[in-house]
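Down below is the structure, laid out as structure tokens.
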Amino acid sequence: MENYLLNIGKRIKNIRKEKQLIISQVADGAGVSNGLISRIENGRTIPSLPVLFNIIGALQIDIGSFFDGMESANDNNHIVIRANEYKNIEKEVEAEGFAYKFIFNKGLKSIGFEAVLLEVMPNSKREKVSTDAYEFKYVLSGEINYLIDKEEVLLNEGDSLFFDGRIPHVPVNKSDKKASMLVLYFFNAALDN
């Protein structure tokens, strides 16, 4: 699995080095510790949104420029993340009884977002469809065979899938039990062109 979490840290590190800043300068400017900047740059933790914005400000770069080029090139029509590939992430604020598992992030200049719960019954039927969105699927229960163009991807409980919804696709439940998925749609201005 390509770890998109590392892109934020790598981007911070690259900009910091391009601007010939040392970690302590960025940390001081962002109001955080040197250790936190180091952990973020090395992909061991993910910053909260306010901390990320403070770091971007300390790097003396505008937010739009920071995210330019963050979308990773991927020759596949989809990205599958298996349940056993999720990584535990460390938050900068300690909390007892909370476990965060990083699944996936994707840098998009989205103009819309939609979340739905999809249940697919055994023997359900539908032709392939296309949407004007990037789609993220997380299998909550059951088993789904996802047909994306001419490819078929088997997803089990806990697996997730990300792809460009403009590619014809359909979930198929070949089992004898109901399957359910959390579906996130990311609508992007570039898709309207």
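The values are calculated or read from the model by the stated rules, or taken from the named source; none is laboratory data. All of these numbers come straight from a predicted model, not from anything done at the bench. A quick note on method: Cβ atoms are made from the backbone with ideal geometry, for glycine too, and the neighbour counts reach across all protein chains shown.
One residue stands out among those in the stretch 40-58 that are among the small types (Gly, Ala, Ser) and modelled with pLDDT of 85 or more: the one that is farthest from Lys19 (Cα to Cα), which is Gly57. Just to be sure, is Glu92 out of contact with any Gly (no Cβ under 6 Å at 6 or more places or on another chain) and either modelled with pLDDT under 60 or under 28 Å from Glu135 (Cβ atoms) (or both)? Criteria met by Glu92. Taking each residue of the stretch 156-172 that is more than 13 Å from Val139 (Cα to Cα) and looking for partners that are of a type in the set (Asp, Glu) and at pLDDT 90 or above with beta-carbon atoms closer than 9 Å, six or more apart or interchain, yields Ile167/Asp149; Pro168/Asp149; His169/Asp149.
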